[in-house]
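The values are calculated or read from the model by the stated rules, or taken from the named source; none is laboratory data. All values reported here derive from a predicted model rather than from experimental measurement. Cβ: placed from backbone, ideal geometry, glycine included. Neighbour counts: every protein chain shown.
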Amino acid sequence: MTNVKEVSGVMPHSKSMQVLDERMLQVWRMTGLMTGFILPVCAILLAIASWKWDWPWWIPAAVAVTGAVELWLSVFVIPPIVWRSWSFDIREEEIDLRHGFFTVKRTLIPMVRIQHVDMQQGPVMRKYRVASITFSTAAGVHEIPGLDLDTAEAVRNRIAELARLAHEDI
Amino acid sequence: MKTYKGTRLHIAAALMTSLKLVKELLIPLLVIFVTHGFSRSGMDSRSFYWRLAIGAAVVGGSFLWGFLSWARFRYKLEDGQLMVDEGVIFKKKLSIPVTRIQTVDFSEGLLHRMLGLVKVQIQTAGGSKPEAVLSAVTRAEAARLEECLRHKAECAPEQNAHVKEAAEVEEIPAGVEQEWNSAGEQTADASHPTASGPAMPAVSGSSGLYGASTVVGAELSGQTPQDVGPVGPVPPEVSYSLPVRLLFLAGLTAGNLGVGISLLFALLSQADDFFPSLQIFRLLSDFSGVRAILVLGSIVVFLAWLLAVASSVLRFAGFVVSKRGGELYITRGLLERSKVTLPIRRIQAVRITQELVWKPFGLGAVHVVCAGYGTEKGESTLLFPLMPMSQIGEFLGALCPEFAVDPDQLPIEALPSRAKWSYVLPVPLTLMAITAITSLFTAWGLWGIPVTAAGVLLNWRSYRRASIARDDSMLVLRSAFLTETVAVIPRKRIQYLSVLQSPFQRRSGLATMKASLAGAGVNGTHFRLKGLYLTHALEILEQSGGQSVTQT
């Protein structure tokens, strides 16, 4: 198979791909909203300061604009992009992950390599009844960031079960 | 049964702990002494005595601490468990089942060598730092421990250990001992066919650490040593040692300049501490003019290089790697000797590196990627510092056959020619931009032109040398920048594979492949190869799933 001329190609999604839970969009928007408030608050404080001590007006203005852009990005732009970039597939013998917007990354993790599975839920995620699944191998940790709580539990148990079946010592 | 409290370390361990503490406290102490002591108003006698008292208290406290931690430290081997009791303020009890012990490493510092002692480090599979450290035991005791822990051979309680509690030792019920014996012999049989039969004497003269060092004279040909005197119960099957001429070549080239520079600066700053009136750094900064800087710079680099050479010659002197049973033993060092055990089945991949300067001589170094190893860079993961490239195949075949591939025999795929842009363009373009911008302000910016040219050349070479070879059981990735690296990765050792595609690669249908292996630390070791056809990368990815599951 040396030097076969290959057609150009884009990384395909996995064959029987699954997507993240749609509520993850809300979760990311919510967290974006919460962290996105830091800069506007700074801008207000700076505005007060510049009104009081005659600082140049463009400082709070710049911060306000940056804050607005950041808020817009983290609430409206980024969540759907990240959501769309994610897909995964949990098969009998391996887990197939595909994610990334600029650099698309596809990772295949054989079940035998999985050492343990964890389910995690932040406060916002709890509100929306979603959870993330992380699974560790001897060479690092992977995450599926947002699944319906029941699905997540099922997936966790399934991975744990499959990993147990396929387990071997390193 | 009376509680058998265990063995203490050699008393020198107390001294070593104390000295280590004093060494760590040396800089704060010096600060106390030097800051106000010598600088302004000379020495006020009262404050001088105060400082002396503080110094004495610190040193005395260190020695007391050293003694106490020695006194509280006890270890014992019982019921197939290594138990360690330690801690002056917080007590810590540790027990490791002998079967869980993965490696037992030995090292001797200068003080150890003068007193005939050995430091023993015991590791299990998890974690990156040793689970138990016996900082000083006699050589005989080290040999006994090696027999017991490493070879899981029969273990009589210590017979001629330096500190013993013979009366208590003998009260271990015979039944327990018996049971343990049979278990021990079973494991010994499994791992070392030659070790079967009657129990080995607990302390068998020059076994263990010295078993390996007796074959230092063996040539770099890999023959089984014929007559190497009284080696241990399991003589090494194969043994390779670093010949002297290669030792110096390795020292000349493998010396890490960065290490040298930091050593040099450490020395200089120490000198400044000891002789504040010299004010070396002031002296240095007083020099002005480009020429002086150049001269000084080259002196610094030269001294650093000398130091680096000296330190790596000392480190690599007497380098021997030998194979016994399922393990590799690496012994090395002139002033400070160390012996590291590598269980062969924990080796995940082999990395063959070739520095630019080694190329004309056809020499290369062999490293291993080992699960849970390599916390100290380039030390325990170095399998051999320098050997002819042509012999590496044979060397690996003798030591770890799983990795013995001849990369030329595998179907090699060079990278597609459209991959060259991703190799050659990015760095030189960046350099060019920097050159252009700095040239606007200063003529020095023109130096960017040769740097950019060098960047183009190096990246071109890196594109030319990058390749992948694969068959059903093996991936061999070759990449090069200044150092050329060949990674020999058995597919069944791969933890997971990734294929990455950047926006630029998307247009040309190329991709980057990343193989992740269990290595040092929790994040493992990763090998990347940029510029494969996406379809090939995905093919390798798909194969990595089900196939590696059924293997092993």
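General observations
- Within segment B:379-421, restricting attention to residues that are farther than 30 Å from B:S508 by Cβ and hydroxyl-bearing (S, T, Y), the residue that is surrounded by the fewest Cβ atoms within 10 Å (Cβ to Cβ) is B:S390.
- Boolean, A:I109 is over 22 Å from B:T512 (Cα atoms), within 14 Å of chain B (Cβ to nearest Cβ), in contact (Cβ under 8 Å) with a residue 24 or more places away in the chain and among the aliphatic types (A, V, I, L, M): no
- In segment B:325-378, the residues that are crowded, with 19+ Cβ neighbours inside 10 Å, modelled with pLDDT of 80 or more, touching a helix residue (DSSP H, G or I) at 6+ places or on another chain (Cβ under 9 Å) and among the aliphatic types (A, V, I, L, M): B:L328, B:I330, B:I347, B:A349, B:V350, B:I352, B:L363, B:A365, B:V366, B:V368, B:V369
- Residue identified as surrounded by 14 or more Cβ atoms within 10 Å (Cβ to Cβ), within 14 Å of chain B (Cβ to nearest Cβ) and closer than 30 Å to A:H142 by Cβ among A:H116, A:H99: A:H99
- From the options B:V476, B:V451, B:V456, residue that is at pLDDT 90 or above, more than 28 Å from A:F135 (Cβ to Cβ) and not small (G, A, S): B:V476
- Yes/no for A:R113 being within 30 Å of B:E539 (Cβ to Cβ), within 14 Å of the chain's Cα centre (by Cα) and charged (D, E, K, R): no
- Subset tally (residues that are farther than 17 Å from B:E146 by Cα and in a helix (DSSP H, G or I)) for segment B:62-106: 11
- Yes/no for A:M34 being of a type outside the set (S, T, N, Q) and either in contact with a helix residue (DSSP H, G or I) (Cβ under 6 Å, 6 or more places away or on another chain) or within 30 Å of A:L162 (Cα to Cα) (or both): no
- Of the criteria (1) closer than 27 Å to B:G333 by Cβ; (2) surrounded by 16 or more Cβ atoms within 10 Å (Cβ to Cβ); (3) at pLDDT 85 or above, which one B:G116 fails: (2)
- Candidates A:H99, A:H167, A:H116, A:H142 - the one that is over 30 Å from A:L39 (Cα atoms) and modelled with pLDDT of 85 or more: A:H142
- Only one entry of B:V476, B:V451 meets the criterion of being under 30 Å from A:E94 (Cα atoms) and away from chain A (no Cβ under 14 Å), and that entry is B:V476.
- Residue that is surrounded by 20 or more Cβ atoms within 10 Å (Cβ to Cβ), at pLDDT below 90 and more than 7 Å from chain A (Cβ to nearest Cβ), where the choices are B:Q505, B:Q547, B:Q551, B:Q543: B:Q505
- Residue match in segment A:126-134 (condition: within 14 Å of chain B (Cβ to nearest Cβ) and under 24 Å from B:N523 (Cβ atoms)): yes
Let's see how each residue does on (1) within 15 Å of A:R91 (Cα to Cα); (2) within 14 Å of chain B (Cβ to nearest Cβ):
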{"position": "A:S136", "(1), (2)": "no, yes"}
{"position": "A:A139", "(1), (2)": "no, yes"}
{"position": "A:D148", "(1), (2)": "no, no"}
{"position": "A:L162", "(1), (2)": "yes, yes"}
{"position": "A:L165", "(1), (2)": "yes, yes"}
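- Filter pass, A:W72 being more than 14 Å from every other protein chain (Cβ to nearest Cβ), under 20 Å from A:M34 (Cα atoms) and over 14 Å from the mean Cα position of the chain (by Cα): yes
- Some residue of segment B:484-498 being out of contact with any helix residue (DSSP H, G or I) (no Cβ under 9 Å at 6 or more places or on another chain) and either within 11 Å of chain A (Cβ to nearest Cβ) or without any contact (Cβ under 8 Å) to a residue 12 or more places away in the chain (or both): no
- Scope segment A:1-33; condition at pLDDT 85 or above and either exposed (fewer than 13 other Cβ atoms within 10 Å of the Cβ) or acidic (D, E) (or both); matching residues: A:D21, A:E22
- Filter pass, B:T435 being in contact with a helix residue (DSSP H, G or I) (Cβ under 6 Å, 6 or more places away or on another chain) and polar (S, T, N, Q): yes
- Where B:N523 falls short, out of the listed (1) within 20 Å of A:T103 (Cβ to Cβ); (2) surrounded by 14 or more Cβ atoms within 10 Å (Cβ to Cβ); (3) not basic (K, R): (2)
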